[in-house]
Each structure stands twice: as C-alpha cells, then as structure tokens.
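To start, the structure itself, in structure tokens.
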2 protein chains.
Amino acid sequence: MPRGNCQGQGWWHGKFRGCGYRLTTGREAILDLLSKSEGHLSAEDIYIKVHPRYPNVGLTTIYRTLDVLSNLGMVYKFDFGDGRARYELAEGPRGAHHHHHLVCTGCNRVIDYADFIDEEIELLQQTEKGLGKKYNFRINNHVIQFYGLCDKCNGKK
Amino acid sequence: MPRGNCQGQGWWHGKFRGCGYRLTTGREAILDLLSKSEGHLSAEDIYIKVHPRYPNVGLTTIYRTLDVLSNLGMVYKFDFGDGRARYELAEGPRGAHHHHHLVCTGCNRVIDYADFIDEEIELLQQTEKGLGKKYNFRINNHVIQFYGLCDKCNGKK
DNA sequence: TTGTTATTGAAAACCATTTCCATTAATAAG
DNA sequence: CTTATTAATGGAAATGGTTTTCAATAACAA
C-alpha cells in the first residue's frame with residue numbers, strides 16, 4: 001500500500017487508512033488532544049496529558065505518531081528556539097484558522113497572530129509560485145516567525 | 001561595562017570592545033571564516049575549518065562564540081530541520097545581501113534566494129510595525145523559510 | 001610588569017530524540 | 001468468528017548536538 005505523500009481531504013480515519021497506517025488507540029488519543037488544545041505542544045506536553053488516561057502510550061509512540069502526522073501534513077512542526085520541537089494541528093475539524101508566530105526570546109512565550117495574514121498569504125503564494133518555478137522546487141510548506149522581546153522581558157532589560 | 005543589546009554600527013573590534021568583550025584569537029578566526037564563507041555553517045563545520053589552523057580553538061569555544069555573536073546580532077542562527085543549528089554572518093563587511101531560505105526536506109539542501117525579497121521586506125516591515133504596536137513587542141528579527149522537495153528529491157518519489 | 005577577570009579546552013553532563021528488540025494488537029484473509 | 005500477518009508499541013539503551021564544570025590561560029587595564 002502506498003505510504004508517501006498522501007495529501008487527501010477527509011479526516012483522520014480515511015486519511016490514515018488510505019495511506020496504509022493503522023488506526024490505534026494512541027494515535028487517536030494524540031490527535032484528539034491536539035484538536036482540543038491551543039497550539040504549541042511539545043512531545044512531552046502531549047505525553048503528560050495523554051499518558052495518565054492511556055497508560056500504555058509511551059513517549060516513543062508520541063514521537064513516532066507526531067512524525068507520521070507531520071509527514072502526512074496533518075501536523076506542523078515548529079522550532080521556537082527553546083531546544084524542543086512544538087507541534088500544531090495543521091487544520092482543525094472545522095477548518096483552519098491560519099496564523100503565524102511571534103516569539104519572545106526572553107521568556108519563550110509564543111503569540112499566534114493573524115493580523116496582516118491575508119497580505120502575507122498572498123505574498124507567500126506568489127513567492128512559492130515563483131520560487132517553485134525558478135528553482136524547480138515542489139514547495140509544500142513555509143514558516144514565518146518574528147522574534148523579539150515581549151513587554152515584560154523588554155522592561156527587565 | 002554594559003553587555004546587553006549592543007547594536008552599534010562599526011565592525012568587529014569596536015563592537016566587541018564597546019560591549020566589554022575581549023578580542024581573542026579564536027573569535028577572530030571564527031568571524032574571519034564566517035565572513036569568507038558562503039552561509040549555513042554548523043558549529044562542527046566551523047570547527048573543522050578553524051581547528052587545524054588554530055589548534056587551540058575547541059568546539060566549546062565555537063559554540064560560545066557563536067552564542068555571543070548571535071546575541072550581538074552579528075550572526076543569525078537558523079534551524080533547517082536537520083538537527084543542528086546553522087549560522088550565518090548577519091552582514092558582511094561590504095554590507096548585507098539580504099536573502100531568505102528554501103529548504104529541501106529530502107536532501108537538506110538549502111538555497112538562498114533573493115527573488116521577491118523587496119516585497120517580502122516591505123511586508124515584513126509593515127507587519128513588524130503593526131505587531132510590535134499591537135502586542136507590545138520589541139521585534140528585532142524574523143525568519144521566512146520555504147520547505148519542499150528539490151527537483152532531484154521530487155523525482156525519486 | 002602585574003593584577004584582575006574574561007576566556008579557554010577537555011571531559012563530563014545534559015537532554016531531546018531515535019533506535020533496538022521482543023511483545024502486542026490492528027487488519028485482512030479464510 | 002478465527003487465524004495469520006505484520007504494523008505498532010514501549011521500555012531501555014543509544015545517539016548526538018549542545019551546555020556545563022573547573023582549573024589553567026591570556027586579554028586588557030593600571
């Protein structure tokens with residue numbers, strides 16, 4: 001059964017099955033948590049939330065599942081510079097609320113923003129198109145992040 | 001002597017001295033290499049190039065120096081998803097050639113591009129301004145990256 | 001030249017993530 | 001439903017980039 005780029009439309013089950021992945025308790029629990037949480041969860045965050053209820057979902061499984069989800073395009077993986085990866089559901093059941101990130105390098109707080117997002121998306125799409133053609137790339141993702149100091153951290157000097 | 005955000009104009013020496021840092025052989029060697037290399041060097045890359053000529057510049061010093069340079073804003077630190085940080089001189093002696101990155105998730109190749117860069121910068125500046133005001137952030141950096149498959153990796157399926 | 005102290009290297013510690021491998025369980029076939 | 005196949009699992013161990021420790025060194029100011 002095919003495994004590669006399985007970019008479908010449906011939700012969990014169909015997508016998993018269609019790509020030859022099995023639907024397990026752990027995977028459902030992780031997807032469930034992600035869809036109920038407000039973004040930026042680390043593998044450990046997820047473990048701490050999921051493991052008590054599903055004691056036979058280990059940290060290893062969390063990592064493996066996140067990797068699968070990431071490859072399927074169902075989850076985005078971010079690096080906010082604090083030494084651990086963060087994960088976010090790419091699109092909720094009721095459609096995406098696209099946003100980008102504003103990261104405080106002082107306290108590692110991350111703010112989702114959607115201001116100016118339309119202009120950003122517009123520009124990104126043009127750029128993707130142009131770059132894709134020029135460099136012969138099949139672009140399927142992008143990252144925009146701003147780094148700075150939040151008011152609290154800025155005050156502390 | 002002050003250590004914090006020392007965003008000056010001059011080049012190495014002045015900047016270092018002004019911030020209370022000492023100018024050492026190792027630091028000069030690292031800066032020298034960075035200014036002569038085309039971007040995206042990892043700490044190890046730098047070590048391999050610098051250590052033979054300066055045997056008493058260890059990997060630890062490389063990391064520490066890169067950290068200092070990064071804090072001074074003289075070097076940008078990037079994560080291209082291959083598990084190691086990459087560093088780039090923020091601005092060459094003859095001024096910056098600003099660019100963003102196009103990363104192949106297949107072979108980890110990184111392409112610098114400067115197409116559309118003017119529009120990107122323009123939008124980024126507007127966004128920075130707006131976000132800074134709205135969220136009370138002192139923004140001093142940004143990242144734009146595109147991820148995809150280069151022609152070779154795309155062909156392989 | 002000398003005193004102060006930032007900087008250094010080597011080794012050890014750190015810690016997020018990955019790998020190993022024997023066991024378990026999801027799925028398909030009968 | 002039962003059984004066979006093999007993907008998935010978890011705990012422990014390994015990995016590997018980065019950071020910390022600490023005694024020795026070297027930049028710099030006096």
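The values are calculated or read from the model by the stated rules, or taken from the named source; none is laboratory data. Just so it is clear, the structure is predicted and the values come from calculations on it, not from any experiment. Please note: Cβ atoms are built from the backbone with ideal geometry, for glycine as well, and neighbour counts cover all protein chains shown. Surface areas here come from the heavy atoms of the whole protein model, side chains and all, with no ligands, DNA or RNA. Shrake-Rupley method; radii C 1.70, N 1.55, O 1.52, S 1.80 Å.
Quick look at the numbers
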| item | result |
| --- | --- |
| Quotient of C-alpha Rg and 2.2 N^0.38 Å, computed over the stretch B:98-157 | 1.46 |
| Calculated label separations, B:GLY20, copies of the chain, 7 Å along the beta-carbon direction, nm | 6.0 |
| Cα centroid separation - the stretch B:103-157 against the stretch A:46-60, whole Å | 35 Å |
| Beta bridges by DSSP in chain B, antiparallel share as percent, to the nearest 5 | 75 percent |
| Whole-number percent relative contact order across chain A, with pairs defined as alpha carbons under 8 Å at least 6 apart | 16 percent |
| Size of the A/B contact, given as accessible area buried on both chains, probe 1.4 Å, in Å² | 3400 Å² |
| Stokes-Einstein diffusion coefficient of the stretch A:23-75, Kirkwood radius over Cα pairs, 20 °C, 1.002 mPa s, in µm²/s | 197 µm²/s |
| For q = 0.12, 0.21, 0.24, 0.25 Å⁻¹, Debye-computed log10 I/I(0) when each Cα of the stretch B:1-94 counts as one equal scatterer | -0.35, -1.07, -1.35, -1.43 |
| Derived scalar couplings ³J(HN,Hα) [the stretch A:15-25; Karplus, 6.51 cos²θ - 1.76 cosθ + 1.60; whole Hz; x for Gly, Pro] | 4, 5, 4, x, 9, x, 8, 8, 9, 10, 4 |
| Sum of -39500 (n - 2.57) over DSSP H runs of 4+, divided by residues of chain B (222 nm, nearest 500) | -12500 deg cm²/dmol |
| Pairs beyond 21 Å (Cα-Cα), from A:LYS15/A:LYS36; A:LYS49/A:LYS152; A:LYS129/B:LYS152; A:LYS36/A:LYS152; B:LYS15/B:LYS36 | A:LYS49/A:LYS152; A:LYS36/A:LYS152 |
| Cα point-scatterer Debye curve for chain B, base-10 log of I(q)/I(0) at q = 0.12, 0.15, 0.19 Å⁻¹ | -0.63, -0.94, -1.30 |
| Alpha-carbon Rg with Dmax, taken over the protein assembly as shown, Å | 21.3, 65 |
| Other-copy label distances relative to B:ARG109, 7 angstrom Cα-Cβ extension, nm | 4.3 |
| Long-range HN-HN contacts of B:ASN141 with modeled amide H, under 5 Å | A:TYR147 |
| Derived scalar couplings ³J(HN,Hα) [the stretch A:76-88; Karplus, 6.51 cos²θ - 1.76 cosθ + 1.60; whole Hz; x for Gly, Pro] | 9, 10, 10, 10, 9, x, 10, x, 9, 7, 10, 10, 9 |
| Relative contact order, percent, the stretch B:98-157 [alpha-carbon distance under 8 Å, six or more residues apart] | 47 percent |
| Copy-to-copy label separations for B:SER70, where each label sits 7 Å from Cα toward Cβ, in nm and ascending | 1.8 |
